[in-house]
Amino acid sequence: MSALPPGQRVAEWRPFGLPRFAGRRPADPGPPVLAVGGEVRAATRIDLREVAYPLTSQRSDLHCVTTWTARDLCWGGFRLRDLHDDLVARVAPRDPQWLVLKGRDGFRSCLSLADALADDVLLAVRLAGAPLPVERGGPVRLVAPAHYGYKSVKHLYAVEYHSEYRPGSAGWTEHPRGRVAYEERSRFLPGRVWRPIWRATVPKVAAVWERA
Ligand SMILES: Nc1nc2c(c(=O)[nH]1)N[C@H]1C(S)=C(S)[C@@H](COP(=O)(O)O)O[C@H]1N2
Ligand SMILES: [Mo]
């Protein structure tokens, strides 16, 4: 197994987010259909039950910015790059630099397009050999293993192209790139300094989750 990135600790596979989202579940997870829009000439919808992109599987770790890591998760799904390649001509994004990703619980994030086109960025529809359960972000979620977990939006229903970075639900605390290898946990302070600050939020999020 690969080494743990700086500042991370192995944890049990645990569901997590920002405190205000930890207790939420989408009332209706809905079908695996994505609305594609933003700064485009023509918006469209993609039904993932009908696409011809190759289904791929991968084992990867999930690194939450609060310093826990869930190891060796076996995802199945489509490469985001295949979706992008398919879409570019159809929606004609004007100056695509960033993707805004939206989840049905109201959570959203923003990933640079360059990062989103990496081999290991998936639209996951399966986990451990079964359809992705709603607790893990079903019916479809993003998986971006090289980035902190806040980029891996669960219950994904919309993908938008934008020319500029738009902060997600974590606001200014979300790093625009959020690369784990560079410990881009947040802005303004080095990642090392953010470790204990983020870690201190864990009990609160855990309590909210337990109650939900
Ligand atoms: N829709 C949605 N996606 C989300 C979140 C959320 O609260 N809502 N939390 C994010 C955070 S901070 C992390 S660490 C991962 C956790 O994924 P898991 O619940 O599968 O462990 O989901 C990310 N995606
Ligand atoms: Mo997280």
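Some observations on this one:
- Residue check, Val159 among the β-branched types (Val, Ile, Thr), within 16 Å of ligand 2 (Cβ to nearest atom) and at pLDDT 95 or above: no
- Scanning the stretch 180-191 for residues that are open to solvent by 60 Å² or more (accessible area, probe 1.4 Å), closer than 24 Å to Val143 by Cα and of a type outside the set (A, V, I, L, M) yields Tyr182, Arg187.
- Residues (part of a loop (DSSP other than H, G, I, E, B) and β-branched (Val, Ile, Thr)) located in the stretch 175-212: Val180, Thr201
- From the list Glu135, Glu164, the one residue that fits, being outside any strand (DSSP E or B) and over 15 Å from the mean Cα position of the chain (by Cα), is Glu164.
- Every listed requirement among (1) away from ligand 2 (no atom under 14 Å from the Cβ); (2) within 15 Å of the chain's Cα centre (by Cα); (3) under 24 Å from Ser2 (Cβ atoms) is met by Arg192 save one, (2).
- Residue satisfying all of: in the stretch 107-132; within 16 Å of ligand 2 (Cβ to nearest atom) and either in a loop (DSSP other than H, G, I, E, B) or open to solvent by 10 Å² or more (accessible area, probe 1.4 Å) (or both); nearest to Asp82 (Cα to Cα) among these: Arg108
- Summed over the stretch 174-202, the residues that are of a type in the set (Val, Ile, Thr) and closer than 14 Å to His147 by Cα give a count of 1.
- Meeting the requirement of 1 or more residues that are open to solvent by 30 Å² or more (accessible area, probe 1.4 Å) and basic (Lys, Arg), the strands (runs of 3 or more DSSP E) wholly within the stretch 1-72 are 44-47, 56-63.
- Just so you know, in the stretch 12-42 the residues that are modelled with pLDDT of 85 or more and aliphatic (A, V, I, L, M) include one that is nearest to ligand 2 (Cβ to nearest atom), and it is Leu34.
The values are calculated or read from the model by the stated rules, or taken from the named source; none is laboratory data. Since the structure is predicted, the reported quantities are computational estimates derived from the model, not experimental observations. So basically every Cβ, Gly included, is an ideal-geometry build from the backbone, and we count neighbours across all protein chains shown. Heavy atoms of the whole protein, side chains included, go into the accessibility calculation; ligands, DNA and RNA do not. Shrake-Rupley method; radii C 1.70, N 1.55, O 1.52, S 1.80 Å.
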